[in-house]
Amino acid sequence: MSKMTERRAESKALKGAPLSEFGTGRRNFLAGAAIAAAGVVAAAAPARADAATPDNTGTAAAAEAARKGGPHQTPITVTEGPISPLDPEFNFNQTPGADNTAAIQAAITKAMTAPGGEVALPAGELYVSGLAVDYRGTPTQPSNGLPYGYAGPKIVGAGMRKTRIIQIAGSTKDIFTVCGQVDDKSGPANNNKATGVMLADFELTGTPGGGNGLYLRSLVNCEFRNLWIQKTGKSGIFRERATFVGGVNDEYSYANAWNKIKIVAPGGWGVEDSGLASIGGSMTNVEAISPGLGGFLLAPTNMTLLDCQAIGGTVGLQSVRNQNLRSVNSGLTLLNFRSEGSRGPYEIKIDAGISHMIVNPNFFPTSGASCLAVGVDNRGSDYYVRNLTVVGGYFGVIRSQFPNQKAMVLGSDARSTRFITPTIELGAGVDDEYALVTDGGYRSSFDLPGTTSVAAQGYTTQNRFADAVPTPAAGAVNEGWEKNGATWRKVAVFPDGHRVVIAS
């Protein structure tokens with residue numbers, strides 16, 4: 001008898017079950033090792049008369065040993081290795097192009113409750129109608145306290161372009177769904193949410209008439225990384241938050257992360273929020289290329305995008321007010337966002353929100369769009385864009401090709417918008433940065449490099465503020481530089497129209 005045969009026979013004898021019940025070789029090895037270790041611990045433990053009595057099953061022995069500080073048996077949990085849909089129990093069909101939805105879904109479903117909870121997807125083409133990590137059919141948890149959500153599995157492929165999940169023609173489903181409890185079962189806190197789910201290292205290819213690449217709802221602390229999503233019937237990533245009833249039920253979507261994701265030619269948006277309530281999280285190196293609609297449609301709260309880009313959509317990024325006005329819309333932060341070739345009127349359009357910040361944006365409006373629009377829909381106070389700050393950035397206006405193109409367009413809903421030293425491409429025949437700015441906002445501030453300079457001695461020169469400093473409302477004083485014939489003077493203007501020259 002070979003050593004391997006002896007080990008298998010030993011494991012079989014220890015377990016007291018048929019060998020076929022052990023699963024894959026890797027899990028056989030792990031289970032056998034744990035069983036053997038348990039046997040060693042049991043042999044080392046002191047024999048006691050009450051160790052095997054049916055009424056206490058060794059509890060008294062363990063307690064007595066612990067009281068005396070002596071050795072006692074510790075339960076051992078076997079954490080299995082990754083589950084594979086190729087395991088015999090799942091009946092994977094190796095025929096090229098075969099529908100393996102059932103086999104892969106069975107592996108995922110098992111991982112949702114198995115120790116270790118990981119599925120290793122093989123390299124190659126995997127044809128499915130739709131897959132899901134979905135807890136809507138499971139028992140609900142308490143409204144608060146432990147266990148703080150469903151412990152989700154890892155679904156990991158062999159590489160971003162190595163494992164290719166291809167949606168079967170004619171399917172109308174979303175390719176991959178991650179979802180906790182919804183509606184009146186969602187609860188007010190972290191419970192009843194999918195938590196800790198990871199999708200990584202594979203490709204999703206959609207089909208005409210199909211759904212979204214990723215449909216995400218009622219989840220927290222999940223991660224999506226190294227994914228390639230292409231040719232989906234709807235949006236590449238769709239984030240739903242349909243239920244928001246303060247203090248009662250809320251389909252949370254916070255503390256989730258999207259890293260290194262490329263979305264190519266989706267039928268809808270690259271990334272789309274439902275717009276019903278605000279959604280948080282972070283995105284790093286997420287690209288939306290040639291979407292049927294726009295790059296990013298966001299209803300953000302504490303949402304950060306780092307080194308993301310959108311190319312060739314109707315708009316690169318649009319930040320909207322959520323329909324549930326009780327859900328606060330705030331804290332969108334764009335760092336090094338690139339928008340290029342948008343087909344609509346704007347590369348980035350900010351419709352609403354509080355304290356958004358855009359740092360070092362890069363605008364390449366090669367299809368004629370103006371670079372940045374803030375509060376241009378004139379919808380009133382519920383849709384004000386308040387305290388938006390833009391720091392630096394490149395506004396690559398091409399006035400020689402698009403004579404009406406603007407760097408910044410501010411509407412009446414733009415409130416206290418501030419621009420700090422952006423670089424605006426003036427182009428041939430344009431020598432005035434303000435000619436590329438439309439300011440219909442309230443209390444806007446422009447610190448443009450062409451109008452402000454700081455000398456080495458420490459003083460600041462403001463070359464131009466406005467052609468005429470306006471008369472303020474009662475109780476206020478306006479101060480600034482205005483033209484006086486061919487020269488400039490700095491004045492203080494009072495509510496009655498009286499002007500005091502400060503400098504000239």
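The values are calculated or read from the model by the stated rules, or taken from the named source; none is laboratory data. Please read these numbers as outputs of a predicted model, since none were measured by experiment. Ideal geometry is used to build each Cβ from the backbone, glycine not excepted, and the neighbour counts take in all protein chains shown. The protein model used for the area step is the full one, side chains on, heavy atoms only, and it has no ligands, DNA or RNA in it. Shrake-Rupley method; radii C 1.70, N 1.55, O 1.52, S 1.80 Å.
Among the numbered criteria (1) open to solvent by less than 10 Å² (accessible area, probe 1.4 Å); (2) out of contact with any Asp or Glu (no Cβ under 7 Å at 6 or more places or on another chain); (3) assigned to a loop (DSSP other than H, G, I, E, B); (4) at pLDDT 95 or above, which one does Met283 miss?
Only one criterion in (1) open to solvent by less than 10 Å² (accessible area, probe 1.4 Å); (2) out of contact with any Asp or Glu (no Cβ under 7 Å at 6 or more places or on another chain); (3) assigned to a loop (DSSP other than H, G, I, E, B); (4) at pLDDT 95 or above is unmet by Met283, namely (3).
Against the definition (surrounded by 20 or more Cβ atoms within 10 Å (Cβ to Cβ) and under 19 Å from Phe92 (Cα atoms)), how does Thr163 come out, yes or no? Working first, answer last.
Working: surrounded by 20 or more Cβ atoms within 10 Å (Cβ to Cβ): yes; under 19 Å from Phe92 (Cα atoms): yes.
So Thr163 fits the description; yes.
Any idea which of Glu287, Glu223, Glu272 is within 24 Å of Gly170 (Cβ to Cβ), within 13 Å of the chain's Cα centre (by Cα) and not hydroxyl-bearing (Ser, Thr, Tyr)?
So the residue among Glu287, Glu223, Glu272 that is within 24 Å of Gly170 (Cβ to Cβ), within 13 Å of the chain's Cα centre (by Cα) and not hydroxyl-bearing (Ser, Thr, Tyr) is Glu272.
Looking at (1) modelled with pLDDT under 95; (2) farther than 19 Å from Val178 by Cα; (3) open to solvent by 40 Å² or more (accessible area, probe 1.4 Å), find the lone condition where Ser327 falls short.
Just one mismatch for Ser327, condition (3).
If the Cβ limit is 8 Å and pairs must be 6+ apart or interchain, which residue in the stretch 334-349 that is under 18 Å from Ser282 (Cα atoms) and aromatic (Phe, Trp, Tyr) pairs with which residue that is assigned to a strand (DSSP E or B) and open to solvent by 30 Å² or more (accessible area, probe 1.4 Å)?
Going by the 8 Å Cβ cut-off, the qualifying pairs are Phe337/Gln309; Phe337/Asn362.
Got at least one residue in the stretch 113-123 being among the acidic types (Asp, Glu) and touching a helix residue (DSSP H, G or I) at 6+ places or on another chain (Cβ under 9 Å)? Don't jump to the end; show me each part of the working.
Let us first name the residues in the stretch 113-123 that are among the acidic types (Asp, Glu), namely 118.
From what's left, touching a helix residue (DSSP H, G or I) at 6+ places or on another chain (Cβ under 9 Å): 118.
Within the stretch 113-123, one or more residues are among the acidic types (Asp, Glu) and touching a helix residue (DSSP H, G or I) at 6+ places or on another chain (Cβ under 9 Å).
Could you check how many residues of the stretch 398-439 are touching a Gly at 6+ places or on another chain (Cβ under 9 Å), assigned to a strand (DSSP E or B) and open to solvent by 50 Å² or more (accessible area, probe 1.4 Å)?
3
Give the residues of the stretch 215-248 that are open to solvent by 50 Å² or more (accessible area, probe 1.4 Å) and either farther than 16 Å from Gln323 by Cβ or in a loop (DSSP other than H, G, I, E, B) (or both), sorted by residue number. Talk me through it step by step, then tell me what you get.
Of the stretch 215-248, the ones open to solvent by 50 Å² or more (accessible area, probe 1.4 Å) are 221, 223, 225, 231, 234, 245, 247-248.
Listed by number, the residues that qualify are Asn221, Glu223, Arg225, Lys231, Lys234, Gly247, Val248.
If you take the residues in the stretch 249-273 that are open to solvent by 10 Å² or more (accessible area, probe 1.4 Å) and among the acidic types (Asp, Glu), which one is modelled with the lowest pLDDT?
Asp250
Do we find a residue being touching a helix residue (DSSP H, G or I) at 6+ places or on another chain (Cβ under 6 Å), small (Gly, Ala, Ser), over 18 Å from Arg217 (Cα atoms) and part of a loop (DSSP other than H, G, I, E, B) anywhere in the stretch 98-110?
No, the stretch 98-110 contains no residue that is touching a helix residue (DSSP H, G or I) at 6+ places or on another chain (Cβ under 6 Å), small (Gly, Ala, Ser), over 18 Å from Arg217 (Cα atoms) and part of a loop (DSSP other than H, G, I, E, B).
Give me a count of the residues in the stretch 375-397 that are in a helix (DSSP H, G or I) and open to solvent by less than 60 Å² (accessible area, probe 1.4 Å).
Restricting attention to the stretch 375-397, the residues satisfying the condition of being in a helix (DSSP H, G or I) are 381-383.
From what is left, the residues that are open to solvent by less than 60 Å² (accessible area, probe 1.4 Å) are 383.
Matching residues across the stretch 375-397 total 1.
Hey, could you check the stretch 200-211 for residues that are free of Cβ contacts under 8 Å to residues at least 60 places away in the same chain and crowded, with 24+ Cβ neighbours inside 10 Å and say which is farthest from the chain's Cα centre (by Cα)?
Gly210
Between a residue in the stretch 399-416 that is under 16 Å from Pro345 (Cβ atoms) and any residue that is polar (S, T, N, Q) and open to solvent by 50 Å² or more (accessible area, probe 1.4 Å), which pairs come within a Cβ distance under 6 Å, given they are 6 or more apart or on different chains?
Sorted first by the residue in the stretch 399-416, then by its partner, the pairs are Lys406/Thr438; Val409/Thr438; Gly411/Asn378.
Restricting attention to the stretch 344-374, and to residues there that are open to solvent by 10 Å² or more (accessible area, probe 1.4 Å) and assigned to a strand (DSSP E or B), which single residue is nearest to Leu297 (Cα to Cα)? Steps first, please.
Kept after step one, since they are open to solvent by 10 Å² or more (accessible area, probe 1.4 Å), are these residues of the stretch 344-374: 344-346, 349, 351, 354-355, 357, 359-360, 362, 364, 366-368, 370.
With assigned to a strand (DSSP E or B) added as a condition, the list becomes 346, 349, 354, 357, 359, 362, 364, 370.
Working: Tyr346: 13, Lys349: 10, Ile354: 17, Met357: 17, Val359: 19, Asn362: 18, Phe364: 19, Ser370: 18 Å.
Across the stretch 344-374, the extreme among qualifying residues is Lys349.
Can you tell me which residue is farthest from Ser416 (Cα to Cα) among those in the stretch 328-381 that are within 25 Å of the chain's Cα centre (by Cα) and among the acidic types (Asp, Glu)?
Here is the first cut: in the stretch 328-381, the ones within 25 Å of the chain's Cα centre (by Cα) are 328-344, 346-364, 371-375.
Still in the list and also among the acidic types (Asp, Glu): 340, 347, 351.
Values: Glu340: 27, Glu347: 21, Asp351: 14 Å.
Within the stretch 328-381, the match that is farthest from Ser416 (Cα to Cα) is Glu340.
Hey, Ala151 hits all of (1) under 21 Å from Asn100 (Cα atoms); (2) open to solvent by 10 Å² or more (accessible area, probe 1.4 Å); (3) among the hydrophobic types (A, V, I, L, M, F, W, C) but one; which does it fall short on?
With (1) under 21 Å from Asn100 (Cα atoms); (2) open to solvent by 10 Å² or more (accessible area, probe 1.4 Å); (3) among the hydrophobic types (A, V, I, L, M, F, W, C) applied to Ala151, the lone miss is (1).
Looking at Asn322 and the list (1) open to solvent by less than 10 Å² (accessible area, probe 1.4 Å); (2) modelled with pLDDT under 95; (3) in a strand (DSSP E or B), which single condition is not satisfied?
Against the list (1) open to solvent by less than 10 Å² (accessible area, probe 1.4 Å); (2) modelled with pLDDT under 95; (3) in a strand (DSSP E or B), Asn322 comes up short only on (3).
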